[in-house]
1. In this structure, does Ala80 turn out to be assigned to a helix (DSSP H, G or I) and touching a Phe, Trp or Tyr at 6+ places or on another chain (Cβ under 9 Å)?
2. Of all residues in segment 153-168 being in contact with a Phe, Trp or Tyr (Cβ under 8 Å, 6 or more places away or on another chain) and open to solvent by less than 60 Å² (accessible area, probe 1.4 Å), which is nearest to the ligand (Cβ to nearest atom)?
3. Among the residues of segment 127-151, which ones are in contact with a Gly (Cβ under 6 Å, 6 or more places away or on another chain) and assigned to a loop (DSSP other than H, G, I, E, B)?
4. I'm trying to understand the selection: among the residues of segment 25-61, which are within 16 Å of the ligand (Cβ to nearest atom), among the charged types (D, E, K, R) and either in contact with a strand residue (DSSP E or B) (Cβ under 9 Å, 6 or more places away or on another chain) or assigned to a strand (DSSP E or B) (or both)?
5. Among the listed residues Arg75, Arg5, Arg9, which satisfies the condition of being under 17 Å from Leu112 (Cα atoms) and not small (Gly, Ala, Ser)?
6. May I ask you to verify whether Phe288 is of a type in the set (Phe, Trp, Tyr), crowded, with 24+ Cβ neighbours inside 10 Å and within 12 Å of the ligand (Cβ to nearest atom)?
7. Step by step: first the residues of segment 261-278, then only those that are of a type in the set (A, V, I, L, M) and part of a helix (DSSP H, G or I), then the one that is nearest to the ligand (Cβ to nearest atom). Which residue is that?
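The values are calculated or read from the model by the stated rules, or taken from the named source; none is laboratory data. Computed from a predicted structure; not experimentally measured. Glycine also receives a Cβ, built like all others from the backbone with ideal geometry; neighbour counts cover every protein chain displayed. For the accessible areas, the whole protein counts, side chains as well, though only heavy atoms, and no ligand, DNA or RNA atoms are used. Shrake-Rupley method; radii C 1.70, N 1.55, O 1.52, S 1.80 Å.
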Amino acid sequence: MAGQRRWTRKELMALLDIRGRQARQELYDRADAVRREHHGDAVHLRGLVEFSNICANDCLYCGIRAGNAKVDRYRLDDEAILALARRMGQHGQTTIVLQSGEAPSPDGDAALGRLVSRIKAETRLAVTLSVGNRPREVYALWRDCGMDRYLLRFETSDPELFARLHPDCTLAERLRCLVDLLDLGVQTGGGFMTGLPGETLSTAADNILLCRDLDLDMIGLGPYLPHPDTPMGLSQNSHDQDPERHFVALAATRLVNPDAHIPATTAFDALFPGTGRNLALSRGANVFMPSATPVSRRADYQLYPGKPCLDESGEACARCVLGRLSALGRQVGQGPGHSRRFRPVAGHPAPSGGGLEGCAKNQTKSL
Ligand code: SAM
């Protein structure tokens, strides 16, 4: 954007390294002001349905990794997901986020496309998927079925650290997915974990610059939290002695990426119970993703320990967020909360379009 400051890595490293209560508060205030200037005081609500914990991957940090035999695996059926979707509108939630482990299969990918088109045909919701790395043609199919957005964190911008943490994938492959999604005109979210063991100050700066250079529509970031049933159970967060650094990273991300939607992620509440997501909303975030996962399955989708609201129904989470927003003097966002930088691609102009027609046409072609 014209006139927007172009941060260098050196400047950003200095920003990320600021110490002292007052200096950090000034950074938070700046981030909050940039958020207000670019997004206003409305907070978009995206109902999060963790619809399956089945995963083929073995990411070293993740509680639902394939190798964790303690996890009781599940997949919600389509009717259950549709029933959750139909209730979201009552609570001001205008997007459904469908997230799962990474379990690619041609049949499963085609079925997910059909589910997306049903949600688009039967509700007014925008649809975000977050189900991992896929070939470009699968993303194209889902887009044609009506998928509006896709979330796929790159986790860290350091290729060697990425390789140590992900036996099943390289950073280059993850970035290829993000570039494909952007190129297909899908509103695209990436992001990273903060305080990964082995993260340096320059990696932390590069994480933020990579979001800017990809020109992401959404950026999800949150603290890495060691899960005891993973190989990293004893690997502490590198900000353990100074957990405020997670908020410093969030605020810096907002300064460098003023137009991106940035959620107050659940991991902030896991680290700062009851206050983490509120603080995130005051330090740069403008999106909230209340859990709509059925209570009976919440404990089976624990990426990290301390996940909040394990025994709260979707209704309770929906009410809770309204209380949080009113305490912060913020309003519920109206409308779908699409990207501020939506880039239509020729032949695929309208977010929230999709539906059965485009989906069916492509199902026969590509899968
Ligand atoms: N399978 C999809 C993917 O890989 O993008 C979506 C689900 S994945 C479990 C969602 C996110 O959870 C990851 O991108 C990662 O950043 C986060 N996550 C997993 N384990 C975590 C941990 N121990 N601490 C913090 N975040 C974690």
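1. Working: assigned to a helix (DSSP H, G or I): yes; touching a Phe, Trp or Tyr at 6+ places or on another chain (Cβ under 9 Å): yes.
Considered against the rule, which asks whether it is assigned to a helix (DSSP H, G or I) and touching a Phe, Trp or Tyr at 6+ places or on another chain (Cβ under 9 Å), Ala80 comes out as yes.
2. Quick first cut of segment 153-168, residues in contact with a Phe, Trp or Tyr (Cβ under 8 Å, 6 or more places away or on another chain) only: 153-157, 162, 165.
The next check asks that each one be open to solvent by less than 60 Å² (accessible area, probe 1.4 Å); those that pass are 154-157, 162, 165.
Details: Phe154: 9, Glu155: 5, Thr156: 10, Ser157: 13, Phe162: 12, Leu165: 10 Å.
Ranking the candidates gives Glu155 first.
3. Across segment 127-151, the qualifying residues are Cys145, Gly146.
4. Across segment 25-61, the qualifying residues are Arg46, Glu50.
5. Values: Arg5 fails: under 17 Å from Leu112 (Cα atoms); Arg9 fails: under 17 Å from Leu112 (Cα atoms).
Only one candidate qualifies: Arg75.
6. Numbers: of a type in the set (Phe, Trp, Tyr): yes; crowded, with 24+ Cβ neighbours inside 10 Å: yes; within 12 Å of the ligand (Cβ to nearest atom): no.
In short, no.
7. In the first step, residues of segment 261-278 are kept if they are of a type in the set (A, V, I, L, M); the result is 262, 264, 267, 270-271.
Within this subset, residues satisfying the condition of being part of a helix (DSSP H, G or I) are 267, 270-271.
Details: Ala267: 5, Ala270: 8, Leu271: 9 Å.
Only one residue fits best here, namely Ala267.
Results for (1) touching a Leu at 6+ places or on another chain (Cβ under 7 Å); (2) in contact (Cβ under 8 Å) with a residue 12 or more places away in the chain, shown as yes or no for each residue.
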| position | (1), (2) |
| --- | --- |
| Gly189 | yes, yes |
| Arg212 | no, yes |
| Leu216 | no, yes |
| Leu234 | no, no |
| Glu244 | no, yes |
| Thr253 | yes, yes |
| Phe272 | yes, yes |
| Leu279 | no, yes |
| Met289 | yes, yes |
